[in-house]
Amino acid sequence: MTKEVTTQATSPLFFRDILGQERVLGYLKAAFNRGRLAHAYLFLGPEGVGKESVARALAAALNCADLREDGDACGVCPSCKRLAAGTHPDFLVIRPTSKERPPKIVIDQIRELRRVTAYPPVAGGWRVTLIKPGEDMRDDTANALLKTLEEPPPQHLLILTAGVEADIFPTVVSRCQKLAFTPLPYPLITAELQRRGLSPSQAALLAALSGGSLGRALALEPEDLLRQRKKRNRSGGEKREEGWEEERGDRQLYPVIPTLVPGSFAVILRGAGAAFGPPGPGSGTPGRGGLESPGRLAGQTSRPE
């Protein structure tokens, strides 16, 4: 395998490990069980909501030697172990590699993919290729991919990921089955962060800033946010920024995010006064009434690896 097309080097997830995305998972499981999978899929949605994880879970199920009753991969057969070790020869990932900034997926990578797919899958099952992110393909790269999409080899599945459909060549989009991934609910992200060892206040902070993306939440560092906050307070000496509250117990910060409804502005100001300390001259009476929890707001934007 050359550097243009690489095997996936991270531990696979299985359908049972995916957070949210019930609609997408249900569709793929049904198509898999009926033997009606498309030859190419375009996974659309924000970064960090499970598009790559679903691709890996599908690859695991397609190549598993001992499927569970629910159609998920067993996790213990040789194929599953190879995926876990990042050494499975039939799960390929194409990412930007060019030296330009930002890097792009170049035509040589697609040419290498075509050379690989000219042969049957090495392990005798399915070869799954993930192109991520699809919008980073150059124009000539997208054109080179069309031949593979128009004449898909047997037992080969191609998956592209992208934020929005408009960022992909229309001719590529038209040859793929589109599946939409939505942002994850706030409570789901909070629970997962706590399961990974964060305190409740840290998890609440990162989940509220994540925009429904677990990947984004995991990339944030709560202690860094706290240090930045303290630095601003020391350097400026101004009153605290709106939209933040400091929990003095463990010195963690989390957002105070109101739900805006008609007539709630005065209530929001009172809530802000309660969160950020005693009111200044001419301020209204501080209070917390009318403010919704961060979970309520994040839940409104929830959607669906």
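Give region 181-190 a look and list any residue that's open to solvent by 50 Å² or more (accessible area, probe 1.4 Å) and hydrophobic (A, V, I, L, M, F, W, C), or say none.
If the condition is that a residue be open to solvent by 50 Å² or more (accessible area, probe 1.4 Å) and hydrophobic (A, V, I, L, M, F, W, C), then Leu188 is the only one that fits.
Scan region 64-85 residue by residue and report those that are of a type in the set (D, E, K, R) and open to solvent by 10 Å² or more (accessible area, probe 1.4 Å).
Of everything in region 64-85, those that are of a type in the set (D, E, K, R) and open to solvent by 10 Å² or more (accessible area, probe 1.4 Å) turn out to be Asp66, Arg68, Glu69, Asp70, Lys81, Arg82.
Restricting the search to region 159-191, which residues are in contact with an Asp or Glu (Cβ under 7 Å, 6 or more places away or on another chain), outside any loop (DSSP other than H, G, I, E, B) and hydrophobic (A, V, I, L, M, F, W, C)?
The answer is Ala162, Val173.
List pairs: first in region 10-28 and among the hydroxyl-bearing types (Ser, Thr, Tyr), second open to solvent by 40 Å² or more (accessible area, probe 1.4 Å) and at pLDDT below 90, Cβ under 6 Å, 6+ apart or cross-chain?
Every condition considered, the pairs that remain are Ser11/Ala84.
Could you run through region 125-141 and say how many residues are in contact with a strand residue (DSSP E or B) (Cβ under 9 Å, 6 or more places away or on another chain) and small (Gly, Ala, Ser)?
If we filter region 125-141 for residues that are in contact with a strand residue (DSSP E or B) (Cβ under 9 Å, 6 or more places away or on another chain), which is where we start, we get 126-138, 141.
Keeping just the survivors that are small (Gly, Ala, Ser) gives 134.
Selection size over region 125-141: 1.
Would a scan of region 7-29 turn up a residue that is more than 22 Å from the chain's Cα centre (by Cα) and open to solvent by 20 Å² or more (accessible area, probe 1.4 Å)?
no
Looking at Ala61, is it open to solvent by less than 10 Å² (accessible area, probe 1.4 Å) and either at pLDDT 90 or above or touching a Ser or Thr at 6+ places or on another chain (Cβ under 8 Å) (or both)? Full working, then the answer.
Values: open to solvent by less than 10 Å² (accessible area, probe 1.4 Å): yes; either at pLDDT 90 or above or touching a Ser or Thr at 6+ places or on another chain (Cβ under 8 Å) (or both): yes.
Yes; evaluated as a whole, the condition is true for this residue.
Do we have Val164 as surrounded by fewer than 17 Cβ atoms within 10 Å (Cβ to Cβ) and out of contact with any helix residue (DSSP H, G or I) (no Cβ under 9 Å at 6 or more places or on another chain) here?
no
The values are calculated or read from the model by the stated rules, or taken from the named source; none is laboratory data. Given the structure is predicted, the values throughout are model-derived calculations rather than measurements. Backbone-built Cβ (ideal geometry, glycine too); neighbour counts: all protein chains shown. With ligands, DNA and RNA removed, areas are computed over all heavy atoms of the protein, side chains included. Shrake-Rupley method; radii C 1.70, N 1.55, O 1.52, S 1.80 Å.
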